[in-house]
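Student: Starting off with a structure, shown below.
The values are calculated or read from the model by the stated rules, or taken from the named source; none is laboratory data. Bear in mind the structure is a predicted one, so any value in this text is a computation, not a measurement. Counting neighbours? That spans all protein chains shown, and the Cβs are built from the backbone with ideal geometry, glycine included. Side chains included, ligands, DNA and RNA excluded: accessible areas come from the protein's heavy atoms. Shrake-Rupley method; radii C 1.70, N 1.55, O 1.52, S 1.80 Å.
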Amino acid sequence: MNPGQPAKGLAMPRPERPIDATQGPIQSFAAELRKLRTEAGSPPYRELARDAHFSKATLSDAASGHRLPTLEVTLAYVGACGGDVEEWRARWHALRAELGLPAQEEDQPSEPAEHPDPHTGPSSRPDGGRTRFVLIAGAVLVVAG
């Protein structure tokens, strides 16, 4: 094995693309998330995903600067990095206001859980909460029931 090369079978994580924090508030927010991760010792996204209960892709996307992550993802990312969750909650709400986005109710998640199980838990839908996906000529239709 050559020095500087990963052991056979171990892939080196792909480096994150640089963010220009001066491009806008979302990019600045993402750069600060990355800084927090660096200050936490740069744990791999695989490790953050385990602690945050969101996928590696979701957490990586949160720090990409392409869009504002949801509050739930932001707080999970921050918590997994050992950051001040309440400080980041306030930062997230301030950024939404700066972007002119409406205030979000914190009691209601902005997105469903990543891997919801429609067969567990109560559902107010008469069909028990089941959703079918139908592929028709390259389009996906969501059919309840």
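Student: Go through the range 45-53 residue by residue and turn each phi into a ³J(HN,Hα) via Karplus (6.51, -1.76, 1.60, θ = phi - 60°); whole Hz please, and just put x for glycine and proline.
Tutor: Going residue by residue, I get 4, 4, 5, 4, 4, 5, 7, 8, 6 Hz, with x marking Gly and Pro.
Student: Ordered by packing density, taken as the mean number of other Cβ atoms within 10 Å over each peptide's residues, highest first, how do 64-74, 94-104, 80-90 rank?
Tutor: Going by the mean number of other Cβ atoms within 10 Å, highest first, we get 64-74, 80-90, 94-104.
Student: Here's a follow-up. Could you state how much accessible area ASP20 has, in square angstrom rounded to the nearest 10, with a 1.4 Å probe and all protein chains kept in place?
Tutor: 70
Student: Which whole-Hz couplings ³J(HN,Hα) result when phi for each residue of the range 74-81 is put into the Karplus expression 6.51 cos²θ - 1.76 cosθ + 1.60, θ = phi - 60°, listed in order with x for Gly and Pro?
Tutor: 4, 5, 5, 4, 4, x, 5, 8
Student: Report ³J(HN,Hα) in whole Hz for each residue of the range 86-98, in order, from the Karplus equation J = 6.51 cos²θ - 1.76 cosθ + 1.60 where θ = phi - 60°; Gly and Pro get x.
Tutor: 5, 4, 6, 4, 5, 4, 4, 5, 5, 5, 4, 5, 4
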